[in-house]
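The values are calculated or read from the model by the stated rules, or taken from the named source; none is laboratory data. If you're wondering where the values come from, they're calculated on a predicted model, not measured in any experiment. Here the Cβ is made from the backbone with ideal geometry for all residues, glycine too, and neighbour counts use every protein chain on show. Areas reflect the complete protein model, heavy atoms only, side chains present, ligands, DNA and RNA absent. Shrake-Rupley method; radii C 1.70, N 1.55, O 1.52, S 1.80 Å.
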Amino acid sequence: MIGLRKEKTLLDLRGVTRVFRTGLYLGAAFRAVDDVSFCVREKTCEIIAGESGSGKSTLAKMVLGILKPSAGEVLYKGRNIFRLRGGERKEFKREVQPVFQDPFETFNPFRKVTDYLEATALNFGMAKSRREAIRLIDDRLQRIGMDPHDVHGKFPHEFSGGQLQRLSIARALMANPRLLVADEPVSMVDASVRVDILALFVELMVGSNMSVIYITHDLSTAYYLGVQTNAEIIIMYRGECVEKGSVEEVLINPLHPYSEMLLDALPEPNPQRKWTSRARLPSLTLKEFRKNGCKFAERCQRAAQICFEKRPPLSYVDNRAVRCWVVEEKVLKEGHHEA
Amino acid sequence: MGRIIELRNVSAYYKIGRDLYVRAVDGVSFSVEEGEILGIAGESGCGKTTLIKVCTASINPPLTMAGGNVFYCVEGKRIDLLALSEEEVRRLRWEFFTLVPQAAMNSLNPVKKIGAIFSETLRACTKSTNKGRIKEIVHEVLDSLGLPSEVLGMYPCQLSGGMKQRIVVALATVTTPKVIFCDEPTTGLDLVTQKGILQFLQEKARATNSTLILVSHDIGIQAQVTDILAIAYAGKIVEIGPTEEIFAKPLHPYTIKLISSLPVIGDRSSKAGLAGTPPSLVRPPQGCRFHPRCVLAEDICEREEPPLIEVRSNHYVACFKSGEVER
């Protein structure tokens, strides 16, 4: 049983931490990512949601093997990705592909889009000749729902943002990846085509046997993709995972006060359901990263003394993990009742 | 109450070559009542920012006016904004209108302390030179935006993006102008900061009976904040009306798609996006600019340009097929 489960796990992050230093000499250290663990199994979707400064992009870089964690490990198919050598490393680089936020930066403006796709195919050894590469390109373009005739011979500026983002997904597909790491892939795309790009991820997961890590600040797209893929969501705050669970549960019935605050501040596109509470504007600085207690304590309306002193552990409630003293104490209390 | 801004058939083009223009704003007319919160929504490249440039008389090459007028109503007098001299516009700025530009956090002078920026702005336009009163006003604004007064002694680079943005918003409201233009005032900010800034602007506008013109691509923000909503597409206003009505009963096929394609938490249905791509504004399509992407398009839509017509009270739409939509 355990063996079977292990086979299905594609990516496994164990207590991954990354410390950055600011200042020149003996600068203050802060944890951009602090003790984050999750695992991505085959054909599943993992969503990482958080606002600017939550460490989500740093996390993405570590998953892609671009940035080394200060502590903890990133396992791909059971092997530490920073210890891979030669062919294994090449295979990892091929199988785990990024999709970036800004499609206009993904492509060289002076190069035809298909030339770039071709180079990708040749670099990863997916095709041996140009002819083979072109056949592969046409296949991938069809998979992302674009007509090859509309793409060949064109430069990046001849496409809209949505089309370019599709093409950058096609670029990733050239390598036959097992895992796509998509960091804000729809935030630069017009709202009216976002759902189509998200639908493409769903299609690829099913049709091409792929897993997706979707990193976003936008909870509504997280929900949309999440319910269609039965995804797990991680809410990040100041480098920590504060809540983890199924998208439906976390976004409909959040347990962590931070998740609750985020959902409350979301501008719903419905004038019948306007904001009812006032925003509590944060005046936070870097020091939040270095707090001893809960990093959210100062903005939290439910904070108690302990929240400022001790870091809350991850408490497990049903299928959910929450890093909050209020929740932890509730769990303990209820646990005692049962006993 | 009364009209405070009126745009009449405004066209503004970017010159990109000999006889080659990007028609970013093309024949736009609408008016704004005093104290109203007007939203302008639309996707990238639809001319929202250009429209604000025209409304604030900051028309610099390659942007050129191709026609039309912008009228301001200043103290009961109707003024043709684009006929004013630079000096006259400068006098209106800060006192009559202010602008929170796009990526406003980068618009602060980096070598001046925040306090100096405030006093400079206030000195340039307030009638009262009473130092104590000025200080009071500044502290009031900072306080309602959740900024500690220590920021006055700081340089912009010492503040986070969200705080700088709040400073710019504070500056735009501290002179109690009649009209505040905001171009994507919260894009790129955290949800909570965004909500705080928008609530502040909304309250400020209500309290001082100022008019707020809010350009944002984010339909959620428009739903939360505005009274009247204008939908822009390819350099045109395709629909304008009371925000609640636009959401409850949108009339233009583009508006309908724009609203229905938005993911909403709690809504498990799968949605379809808008097919096709926005048209080139250098050679916009004949007839209705939306017709190549419109599911309802007919011959007439390809030949003729639909005028913006009042279909319901105060609700205008530019579509030949809106009658069908309504049924």
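Let me check I've understood the local charge: for residue A:97, count other residues with C-beta under 11 angstrom from its C-beta, Lys and Arg +1, Asp and Glu -1. What total comes out?
Its environment carries a net charge of +3.
Quick one: grab the alpha carbon gyration tensor of the protein assembly as shown, order the square roots of its eigenvalues as a ≥ b ≥ c, and give me rounded if a/c is under 1.5, else prolate or oblate depending on whether a/b is larger than b/c.
Since a/c reaches 1.5 but b/c is at least a/b, the shape of the protein assembly as shown is classed as oblate.
Please compute the volume of the convex hull spanned by the alpha-carbon atoms of chain A and report it per residue in Å³.
178 Å³
For residue B:204, give me every one of the aspartates and glutamates with a C-alpha distance below 18 angstrom, ignoring sequence neighbours fewer than eight places off in its own chain.
Hits, sequence-local ones excluded: B:33, B:34, B:36, B:95, B:136, B:140, B:143, B:183, B:184, B:227.
Tabulate in residue order the Karplus-calculated ³J(HN,Hα) for segment A:151-157, using 6.51 cos²θ - 1.76 cosθ + 1.60 with θ = phi - 60°, rounded to whole Hz; enter x for Gly and Pro.
Along segment A:151-157, the couplings run 10, 4, x, 9, 9, x, 5 Hz.
List the residues of segment A:190-213 that lose 40 Å² or more of accessible area once all protein chains are present, compared with their chain alone (1.4 Å probe, heavy atoms only, no ligands or nucleic acids).
A:190, A:191, A:192, A:195
Towards the positive end of the charge dipole of segment B:13-78, with charges on Cβ (+1 Lys, Arg; -1 Asp, Glu), say which of B:35, B:54, B:76 has the farthest Cα.
Selected residue: B:54.
Taking R0 as 41 Å, what's the FRET efficiency between residue B:136 and residue B:85 from their Cβ-Cβ distance, rounded to 0.05?
The pair residue B:136/residue B:85 has a calculated efficiency of 0.75.
State the percent of C-alpha pairs, over all pairs in segment A:161-206, separated by a distance greater than 18 angstrom.
Here the tail beyond 18 Å accounts for 20 percent of pairs.
Name the residues of segment A:217-245 whose amide N is less than 20 Å from a point 7 angstrom out from the Cα of residue A:71 along the C-beta direction?
Taking a point 7 Å out along Cα→Cβ of residue A:71, the residues of segment A:217-245 whose backbone N falls under 20 Å are A:236-243.
If you filter segment A:41-113 for trypsin sites (Lys or Arg not before Pro), then keep DSSP loop positions with at most 10 other Cβ within 10 Å, what is left?
Loop-located and lightly packed - A:83, A:85.
Pull up all non-local amide H partners of residue A:10: gap of 5 or more, or a different chain, and H-to-H distance under 5 Å with H placed in the peptide plane.
Under 5 Å from the amide H of residue A:10 lie the amide H atoms of A:40, A:41, A:42, each far enough along the sequence or on another chain.
Can you run phi through the Karplus equation (6.51, -1.76, 1.60; θ = phi - 60°) for segment A:90-103 and list ³J(HN,Hα) in whole Hz, with x for Gly and Pro?
4, 5, 4, 4, 7, 7, 10, 10, x, 10, 9, 5, 9, x
Once B and A are treated as a pair rather than alone, how much accessible area drops out, both sides summed, in Å² to 100, probe 1.4 Å?
Summing both sides, the interface buries roughly 4000 Å².
Quick one: putting +1 on the C-beta of Lys and Arg, -1 on the C-beta of Asp and Glu, what dipole do you get for segment B:199-262 around its Cα centre, in Debye to the nearest 20?
Dipole of segment B:199-262, to the nearest 20 debye: 100 debye.
At 222 nm, what value in deg cm²/dmol follows for chain A if DSSP H runs of at least 4 each add -39500 (n - 2.57) and the sum is divided by all its residues, to the nearest 500?
Value at 222 nm, helices only: -11500 deg cm²/dmol.
Measure off 7 Å from each Cα along the Cα-to-Cβ vector at residue A:79 and residue B:206, then give the distance between these two points in nanometres to one decimal.
Simple spin-label model gives 6.2 nm for this pair.
Take every Cα pair under 8 Å in segment B:169-290 that's 6+ residues apart, average their separations, divide by the length, and report that relative contact order as a whole percent.
18 percent
Accessible area per residue of segment B:262-327 at 1.4 Å probe, in Å²?
For segment B:262-327, the solvent-accessible area averages 58 Å² per residue.
I need to check one value: relative contact order of chain A, counting alpha carbon pairs closer than 8 Å and at least 6 residues apart, in percent.
Relative contact order, chain A: 19 percent.
Once neighbouring chains are kept in place and the probe is 1.4 Å, which whole percent of the accessible area of segment B:16-64 is contributed by carbon and sulfur?
49 percent
May I ask for the equivalent-ellipsoid semi-axes of segment B:200-327, computed as the square root of five times each C-alpha gyration tensor eigenvalue and listed largest first in whole Å?
26, 18, 15
What trypsin sites (Lys or Arg not before Pro) does segment A:122-159 have in DSSP loop regions with at most 15 other beta carbons within 10 Å?
A:128, A:154
With an 8 Å Cα cut-off and a minimum separation of 6 or more residues, compute the relative contact order for segment A:183-339 in percent.
16 percent
Go ahead and estimate [θ] at 222 nm for chain B from helices alone: -39,500 (n - 2.57) per DSSP H run with n ≥ 4, summed, over the residue count, rounded to 500.
-9000 deg cm²/dmol
Counting only Cα, what are the radius of gyration and maximum Cα-Cα distance Dmax of segment A:85-125, in Å?
Taking only Cα atoms of segment A:85-125, I get Rg and Dmax of 12.3, 34 Å.
For segment A:203-308, what are the per-bin percents of Cα-Cα distances with bins 10 Å wide, up to the bin holding the maximum?
12, 39, 32, 14, 4, 0
Using alpha-carbon positions, what is the distance between the centroids of segment B:273-326 and segment A:308-322, in Å?
Between the Cα centre of segment B:273-326 and that of segment A:308-322, the gap is 53 Å.
Report, by chain and number, residues whose modeled amide H sits under 5 Å from the one on residue B:66, excluding near sequence neighbours (fewer than 5 apart, same chain).
Residues meeting the amide H criterion: B:11, B:12, B:13.
How much accessible area per residue does segment B:207-252 have, in Å², with a 1.4 Å probe?
Accessible area per residue: 21 Å².
How much length is gained on full extension from residue A:104 to residue A:88, taking 0.36 nm per residue of separation minus their Cα-Cα distance?
Residue separation times 0.36 nm, minus the Cα-Cα distance, leaves 2.7 nm.
Can you give the accessible area per residue of segment A:184-292, in Å², using a 1.4 Å probe?
Value for segment A:184-292: 34 Å² per residue.
Taking chain A as a Gaussian network, where each spring joins two C-alpha atoms under 10 Å apart, which residue of A:322, A:247, A:193 fluctuates the most?
A:193
Which of the trypsin sites (Lys or Arg not before Pro) across segment B:70-177 are loop residues per DSSP, with 10 or fewer other Cβ within 10 Å?
The qualifying sites are B:127.
Less than 11 Å Cβ to Cβ from residue B:69, Lys/Arg counted +1 and Asp/Glu -1: what total charge do the surrounding residues give?
0
May I ask which of B:112/B:236; A:93/A:295; B:48/B:321; B:164/B:271 have a Cα-Cα span longer than 31 Å here?
B:112/B:236; A:93/A:295; B:164/B:271
Could you give the dipole magnitude of chain B about its Cα centre, charging the beta-carbon of Lys and Arg +1 and that of Asp and Glu -1, in debye to the nearest 20?
Its charge dipole is roughly 720 debye.
Compute the signed sum of charges (Lys and Arg +1, Asp and Glu -1) over the other residues within less than 9 Å, Cβ to Cβ, of residue A:218.
Surrounding charge for residue A:218 is 0.
Leaving out ligands, DNA and RNA, and with a 1.4 Å probe, what % of the accessible surface on segment B:79-146 is carbon or sulfur?
51 percent
Of B:94, A:325, which has the most accessible area and how do the rest follow, probe 1.4 Å?
So, going from the largest accessible area down, we get B:94, A:325.
Quick one: 3J(HN,Hα) in Hz for segment B:35-43, Karplus 6.51/-1.76/1.60 with θ = phi - 60°, rounded, Gly and Pro as x.
Rounded to whole hertz, the list is x, 7, 10, 9, x, 10, 10, x, 8.
Mind telling me which of B:145, B:258, B:296 comes out most flexible in a GNM of chain B, alpha-carbon contacts under 10 Å?
Between B:145, B:258, B:296, it is B:296 that shows the largest mean-square fluctuation.
For segment A:210-335, give the percent of accessible area contributed by carbon and sulfur heavy atoms, probe 1.4 Å, rounded to a whole number.
Carbon plus sulfur share of accessible area: 47 percent.
Need the full-extension length gain, residue A:42 to residue A:115, defined as separation in residues times 0.36 nm minus the C-alpha distance. One decimal, nm.
23.2 nm
Quick check: residue separation of residue B:299 and residue B:109 times 0.36 nm, minus the Cα distance between them. What number comes out in nm?
Taking residue B:299 through residue B:109 to full extension adds about 63.0 nm, to one decimal.
Using the alpha-carbon atoms, what tilt in degrees (0 to 90, nearest 10) does helix B:161-174 show relative to the longest principal axis of chain B?
The angle comes out near 80 degrees.
Report the Rg/Rh value for segment B:1-77, based on alpha-carbon coordinates and the Kirkwood definition of Rh.
Here Rg/Rh amounts to 1.01.
With no solvent and one equal point scatterer placed on each C-alpha of segment B:157-249, evaluate the Debye formula and give log10 I(q)/I(0) for q = 0.14, 0.19 Å⁻¹, two decimals.
Result of the Debye calculation: -0.54, -0.95.
Using the alpha-carbon atoms, what tilt in degrees (0 to 90, nearest 10) does helix B:191-208 show relative to the longest principal axis of chain B?
On a 0 to 90 degree scale, this one is about 80.
Could you list which residues have their amide H under 5 Å from that of residue A:231, counting only those 5 or more apart in sequence or on another chain, with H placed in the peptide plane?
Residues meeting the criterion, in which the H sits 1.01 Å from N, are A:247.
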